[in-house]
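*Asks:* Could you have a look at this structure, given as structure tokens, before my questions?
The values are calculated or read from the model by the stated rules, or taken from the named source; none is laboratory data. No experiment lies behind these values; they were computed from the predicted model shown. Every residue, glycine as well, gets a Cβ built from its backbone with ideal geometry; the counts of neighbours run over all protein chains shown. Heavy atoms of the whole protein, side chains included, go into the accessibility calculation; ligands, DNA and RNA do not. Shrake-Rupley method; radii C 1.70, N 1.55, O 1.52, S 1.80 Å.
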Amino acid sequence: MKTLHFLVIGKNQEILEVLKRIIENNEGWTAEIQSNEELSYDYLTANNVDIVLLSSGLEEQFEKDMKVFCENSGGKVKVIEHYGGGSGLLKNEVYSLFPNLHS
């Protein structure tokens, strides 16, 4: 099982904590939550992250900038815009980025 490291960014602390719990209910998946946009860049630079999960409450410009930042990582960091829909939807979003995870 491949280990996946998530950085979950959003403004609603309760939602961030739920997302962290949902992510970490999957074997090999870990999550760090962040509500400070600027600290998100620092975290990405200093840590091995596979997926940035953008949650609710973020400014549109920050989301665009974060996508560019991740694209400039050489494709190493994938971005998911997740604004709800439950754990099944989140898993499908992850599997679409990493199809070999569930094979």
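*Asks:* Is there a residue in segment 91-100 that is at pLDDT below 90, aromatic (F, W, Y) and either part of a helix (DSSP H, G or I) or touching an Asp or Glu at 6+ places or on another chain (Cβ under 9 Å) (or both)? First the steps, then the outcome.
*Replies:* We begin by selecting, within segment 91-100, every residue at pLDDT below 90; these are 91-100.
Those still in the list that are aromatic (F, W, Y) too: 95, 98.
After this cut, where a residue has to be either part of a helix (DSSP H, G or I) or touching an Asp or Glu at 6+ places or on another chain (Cβ under 9 Å) (or both) as well, the list is 95, 98.
Yes, some residue in segment 91-100 is at pLDDT below 90, aromatic (F, W, Y) and either part of a helix (DSSP H, G or I) or touching an Asp or Glu at 6+ places or on another chain (Cβ under 9 Å) (or both).
*Asks:* Which members of segment 44-56 meet the condition of being part of a helix (DSSP H, G or I) and open to solvent by less than 60 Å² (accessible area, probe 1.4 Å)? Working first, answer last.
*Replies:* The first filter runs over segment 44-56 and keeps only residues part of a helix (DSSP H, G or I), leaving 44-46.
Listed by number, the list holds a single entry, L44.
*Asks:* Scan (1) in a strand (DSSP E or B); (2) of a type outside the set (A, V, I, L, M); (3) buried (at least 16 other Cβ atoms within 10 Å of the Cβ) for the single condition F69 breaks and write down its number.
*Replies:* (1)
*Asks:* Among the residues of segment 25-41, how many are closer than 19 Å to L4 by Cα and either modelled with pLDDT of 95 or more or not in a loop (DSSP other than H, G, I, E, B) (or both)? Even if it seems obvious, please write down each step before you answer.
*Replies:* First, the residues of segment 25-41 that are closer than 19 Å to L4 by Cα: 25-34, 40-41.
From what's left, either modelled with pLDDT of 95 or more or not in a loop (DSSP other than H, G, I, E, B) (or both): 29-34, 40-41.
Selection size over segment 25-41: 8.
*Asks:* Give the residue that is least open to solvent (accessible area, probe 1.4 Å), with candidates limited to residues of segment 3-27 that are farther than 15 Å from L90 by Cα and touching a strand residue (DSSP E or B) at 6+ places or on another chain (Cβ under 9 Å).
*Replies:* Let us first name the residues in segment 3-27 that are farther than 15 Å from L90 by Cα, namely 3, 10-14.
Imposing the further condition that a residue be touching a strand residue (DSSP E or B) at 6+ places or on another chain (Cβ under 9 Å) reduces the set to 3, 10, 13.
Values: T3: 66, G10: 1, Q13: 83 Å².
This residue is G10.
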